[in-house]
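The values are calculated or read from the model by the stated rules, or taken from the named source; none is laboratory data. What you see is a predicted model; the values in this text were computed from it and never measured. So basically every Cβ, Gly included, is an ideal-geometry build from the backbone, and we count neighbours across all protein chains shown.
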Amino acid sequence: MTTSWRPLSLVAILGLATATTGRPSIASAQQSASPGPPAAGAALPSPREDKPSPPIRDFDLETLSRLGREIYRHDQLAWTATDVVVAKVGEAQMRVERCNGWVVDTSGPAPLVRFVRKTAAGEEAAYDVRFPKGADPTFEVPANRTLTPKQSSARTALLTALAPFEAGKYPLCRARGNYNFVVLDDPAGDGFLVYLLRPKDSSDSVPIGGHYRISVAPDGKTIKQVDRLSATCLTINKSELVGSDGKLVAIGMNHVVSATPLETHVFLSLQEGLPFYVITKDGRSWMVENGTIKAPTEKSPAANATKSAKP
């Protein structure tokens with residue numbers, strides 16, 4: 001378990017490369033195996049998160065589940081688009097053109113990842129990668145490089161959200177790779193939710209702790225609330241949970257900063273292709289599987305697993 005917090009520079013947070021070491025493929029992260037809970041007495045630890053945290057914003061289970069699915073979707077789009085642009089243009093040329101990030105726009109029929117670059121007049125579009133339904137992503141250099149008002153506000157929201165972390169006001173867990181980010185619409189209004197996501201250190205590591213949710217005003221210029229979504233830098237090593245049959249059924253953990261699992265549990269469960277069992281501080285056991293947080297029942301599900309998802 002890792003419990004080290006430290007300030008991190010904005011350069012490290014905004015690193016352009018999104019692929020992390022041993023990151024699961026899209027196919028493996030979307031597997032839909034539905035194993036039962038671990039058998040009684042199975043070696044499935046529930047690491048503790050003991051430090052108290054200030055109250056965070058509360059959303060209902062449906063909203064939390066949807067946010068988790070959207071985080072995963074945006075993260076996958078940005079990751080795939082980065083691979084497309086690097087293959088077409090190359091990292092050296094991207095540096096020459098002063099590319100400094102991207103914005104994901106899912107408002108149209110085909111999701112768009114727009115890579116931006118710095119100019120004397122501000123940010124403008126450098127490259128576009130679109131994801132037409134049922135087809136491979138397409139690359140183009142846009143004729144009109146002007147960001148839409150929503151795209152511009154989303155970029156402003158990101159930079160606004162990251163500023164206090166650059167100033168050292170909030171601690172970040174140590175990480176081997178760059179922190180990732182996702183910007184979503186705030187489901188409770190016209191603003192944004194900016195997620196700062198701790199990356200995987202290896203193919204076996206699952207960074208349960210270290211993520212933040214930052215609520216930003218619609219113009220992107222004002223932070224309304226910063227939510228630390230875990231109490232520690234909890235990391236779970238999947239290789240330590242594999243049973244004698246070489247299979248990993250699920251991942252279990254304790255969670256103390258809210259009364260229910262969060263969108264980051266949904267995101268990580270999708271990323272790992274495994275169900276999560278999350279025990280909240282009131283002792284209830286929740287299941288997170290296939291992009292959904294399932295409310296606990298009075299009676300536990302069947303103890304014996306009939307299928308297993310590989311790590």
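The table below gives the values:
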{"quantity": "Among (1) touching a helix residue (DSSP H, G or I) at 6+ places or on another chain (Cβ under 9 Å); (2) at pLDDT below 50; (3) over 18 Å from V194 (Cβ atoms) - the single one L8 does not satisfy", "calculated": "(3)"}
{"quantity": "Residue that is farthest from I214 (Cα to Cα) [pool: residues in region 238-264 that are assigned to a strand (DSSP E or B) and over 18 Å from the mean Cα position of the chain (by Cα)]", "calculated": "L248"}
{"quantity": "Region 154-175, residues that are buried (at least 18 other Cβ atoms within 10 Å of the Cβ) and within 22 Å of P207 (Cα to Cα)", "calculated": "L158, A161, L162, F165, L172, C173, A175"}
{"quantity": "Members of region 205-238 that are within 26 Å of G252 (Cα to Cα) and small (G, A, S)", "calculated": "S205, G209, G210, S230, A231"}
{"quantity": "Qualifying position, being small (G, A, S) and either under 24 Å from T235 (Cβ atoms) or touching a Ser or Thr at 6+ places or on another chain (Cβ under 8 Å) (or both), among A161, A167", "calculated": "A161"}
{"quantity": "Some residue of region 109-120 being closer than 21 Å to N180 by Cβ and at pLDDT below 95", "calculated": "yes"}
{"quantity": "A161 being in a helix (DSSP H, G or I), in contact (Cβ under 8 Å) with a residue 24 or more places away in the chain and closer than 15 Å to S107 by Cβ", "calculated": "no"}
{"quantity": "Matching option when the condition is without any contact (Cβ under 8 Å) to a residue 40 or more places away in the chain and acidic (D, E), among D201, D186", "calculated": "D186"}
{"quantity": "Strands (runs of 3 or more DSSP E) lying entirely in region 86-133 (those with 1 or more residues that are more than 23 Å from the chain's Cα centre (by Cα), crowded, with 19+ Cβ neighbours inside 10 Å and small (G, A, S))", "calculated": "122-130"}
{"quantity": "Long-range neighbours under 8 Å by Cβ, at least six apart or interchain, first residue more than 11 Å from T264 (Cα to Cα) and touching a residue at least 12 places away in the same chain (Cβ under 8 Å) within region 58-72, second among the charged types (D, E, K, R) and surrounded by 19 or more Cβ atoms within 10 Å (Cβ to Cβ)", "calculated": "F59/E263"}
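Here's the yes/no breakdown for (1) out of contact with any Leu (no Cβ under 7 Å at 6 or more places or on another chain); (2) charged (D, E, K, R); (3) at pLDDT below 95:
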{"residue": "D190", "(1), (2), (3)": "yes, yes, yes"}
{"residue": "K200", "(1), (2), (3)": "yes, yes, yes"}
{"residue": "P207", "(1), (2), (3)": "yes, no, no"}
{"residue": "Q225", "(1), (2), (3)": "yes, no, no"}
{"residue": "S239", "(1), (2), (3)": "yes, no, yes"}
{"residue": "V249", "(1), (2), (3)": "yes, no, yes"}
{"residue": "E263", "(1), (2), (3)": "no, yes, no"}
{"residue": "S269", "(1), (2), (3)": "yes, no, no"}
